[in-house]
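Shown next, in structure tokens, is the structure this report addresses.
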């Protein structure tokens, strides 16, 4: 595919295929109707979606420091800090661990301490 160079003036003179009036006239109901026609329900349940338990909220709910929480999870403290600061998302195994801890912290920490 060849690269075509154009000046700003050339681009501005081009006839565009976008109908701005039609876009501006589109309502939320129109968008929802189009999504339903495409087999998507914007108001429906998200299939296969599992929310990520925010590590910082979980840790604070348990009343633990970062160091205590990292030690209890058996992960490096910098990893926990990266999760909490949003630099890195927990991988799928870590998300599962956080979900287990959120549901039953005593049993999870007991199993991890063994």
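Just so it is clear, none of the values below were taken in a lab; they were calculated from the coordinates. Values in this document were obtained by computation on a predicted structure and should not be read as measured data.
Before moving on, here are some points about what is shown:
- Gain on full stretching of the segment that runs from residue 91 to residue 6 - 0.36 nm per residue minus C-alpha separation: 26.1 nm
- Where (i) 16.3, 55; (ii) 19.7, 67; (iii) 24.7, 72 are the candidate values, the label of the one calculated here for Rg and Dmax of the Cα atoms in Å is (iii).
- Mean ellipticity per residue at 222 nm, deg cm²/dmol - from DSSP H runs of n ≥ 4 across the chain, formula -39500 (n - 2.57): -15500 deg cm²/dmol
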